[in-house]
Amino acid sequence: MATSSDKYKRTNTNGTQYQPLDVAIVGGGLVGSLLALHLGKKGHEVNLYEYREDIRTAELVVGRSINLALSARGRRALAEVGLEEALLGHGIPMSGRMLHDVSGNRKIVPYDANTNQCIYSVGRKHLNEVLLNAAEKYPNIHLHFNHKLVGADLDEGNFSMVDPLTKEVKSAKVDLIVGCDGAYSAVRKEIVKRPRYDFSQTYIEHGYLELCIPPAANGEFAMPHNYLHIWPRGQFMMIALPNQDRTWTVTLFMPFTQFHSITDQAQLLAFFGQYFPDAIELIGRERLVKDFFKTKPQSLVMIKCRPYHVGSKALIVGDAAHAMVPFYGQGMNAGFEDCSVLTELFNKHGTDLDRILQEFSEKRWEDAHAICDLAMYNYVEMRDLVTKRSYLFRKKLDELLFWLMPNTWVPLYNSVSFSHMRYSKCIANRAWQDKILTRVLYGASFVSIVTIGGLCYRHVTVGHLDRLSTAILSAFQLLKPSPST
């Protein structure tokens, strides 16, 4: 006969039963609301706490990017809670980069010339609203706005929240506290206090400021809308992503010293006239001046830390665990992938939080550090390297080899944005590719030398042939993927 508690049990994907957990998620943004859905779908009792007011009824927060790039990792996490198609229907596909030079000429660089895969521009507010609306439909998910974490005993699962408006303090004890509260996480601040905790915070010397390109006079997009537009200028750049209302979110990234050197309308228009002349007409002079001086440039920070858990009672995910600069478009996708990884571990271990949290930290930190580094590198690529012949040649070569060997040679961008390969493995795979191309280049150089020598002296010695065959064999031996790739 079943006991009185059996009716509350849930069945895992492997057939085992488990008792639902009482989970507190701190942070009701994108990752927090998606994680609430993942855990709520498994039957756990979830209380989601957000220190701001309900975004569904609030004005857009100034200074935060209003649209994001959704790619394969984020799509899978959304699909796991049944929301992928709804978000893709809202998103705008972007099949590549459109580069603008200082003369206004445009050049298309596709993300994937072979299979035509794309990323999607999605609105932050819309995405958050969809996630919160979906969460609200679960009877075991409870949303609490205007609740700010002010203290926690992470070893015991105790925490206190205050309402910033009424100053009322509430305390609770749960089985698991999950910090999804962003780069300046209050939950992580509690973890950092612990001895021998690894933590680093890096601000780059560049900031960002958002502008807007309105619709054209006919109400349509002012530029081809299925691309991420980039104005690369070496030490700084500007990008534009399309929105559903036919506007463009334009983001200017450059050193703070450059921002601070522009103090009036004349300097601003002269700066744009020199570096972004075509953008002046697209944005409009009055709007450009108004938007530029309306807000101050925002900072960009990278956070690395480990481990992500405290015993069996606390965990941090998303930007709280691995905030990154936005240049690979993977901040949201990496946070969403955290949800997928956690769900896999819950499926594997039931409600054994000791094993789930420890394995999450061990499995995730290396990948998180890898994508933080890749995001930093991609800023250099976007603002400078995309205009270099060497970069374009390497991209064409990668596309050719990917076409010839799709299961062996996956370009770096494809592995990051269009696959579920671990981020750390993406870097290892790129290093392996670089090694191969270096060997092939040396081999080709040697062949050229031998050929020229043969033409000059009309004979090639046995020693020449031995060295040539050795170089070629060494290069092609490397075409076999190593165990690490």
Study note, to complete from the structure: Of all DSSP beta bridges with both partners in the chain, the antiparallel percent, nearest 5, is 70 percent
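How big is the Kirkwood radius of segment 390-447, worked out from every pair of different alpha carbons and given in Å to one decimal?
Mean inverse Cα-Cα distance, inverted, gives 12.1 Å.
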Check your understanding: Between V109 and M405, how many nm apart are label points set 7 Å from Cα along the C-beta direction?
Key -> 2.4 nm
Practice item. Compute log10 of I(q)/I(0) for segment 307-418 with the Debye formula, placing one identical point scatterer on every Cα and leaving out solvent, at q = 0.14, 0.17 Å⁻¹, to two decimals. Key: -0.69, -0.88
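Any number yet on Rg/Rh for segment 104-263, C-alpha, Kirkwood?
Rounded to two decimals, Rg/Rh equals 1.07.
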Practice item. Ignoring everything but the protein chains, give the 1.4 Å probe accessible area of D434 in square angstrom, nearest 10. Key: 60 Å²
Exercise for review: Mind grabbing the base-10 log of I(q)/I(0) for segment 358-435 at q = 0.13, 0.23 Å⁻¹? Debye formula, identical points on the C-alpha positions, no solvent, two decimal places.
Suggested key: -0.44, -1.18
Point to revise | Percent accessible area from carbon and sulfur atoms, the chain, protein chains only, probe 1.4 Å | key: 54 percent
**Study point:** Relative packing of 110-116, 20-26, which averages over residues the other C-beta atoms within 10 Å, highest first
**Key:** 20-26, 110-116
Review point. Rank V380, V289 by accessible area, highest first, at a 1.4 Å probe radius?
Key: V380, V289
Review point. How large is the Kirkwood hydrodynamic radius of the chain, in angstrom, based on all distinct alpha carbon pairs?
Key: 25.0 Å
Check your understanding: What are the radius of gyration and Dmax of segment 136-227, computed over its Cα atoms and given in Å?
Key -> 21.0, 61
Review point. Under unit Cβ charges (Lys, Arg +1; Asp, Glu -1), what dipole magnitude, rounded to 20 debye, does the chain have relative to its Cα centre?
Key: 1140 debye
Point to revise | Heavy-atom accessible area per residue - the chain, 1.4 Å, Å² | key: 47 Å²
Check your understanding: Put a dot 7 Å past each Cα toward the Cβ at D352 and N218; how far apart are the dots in nm?
Key -> 6.3 nm
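The values are calculated or read from the model by the stated rules, or taken from the named source; none is laboratory data. A quick note: this is a predicted structure, and the numbers were derived from the prediction, not measured. Virtual Cβ from ideal backbone geometry, glycine too; neighbours counted across all protein chains shown. Ligands, DNA and RNA are stripped out before the accessible areas are found, and what is left, the full protein with its side chains, is counted by its heavy atoms. Shrake-Rupley method; radii C 1.70, N 1.55, O 1.52, S 1.80 Å.
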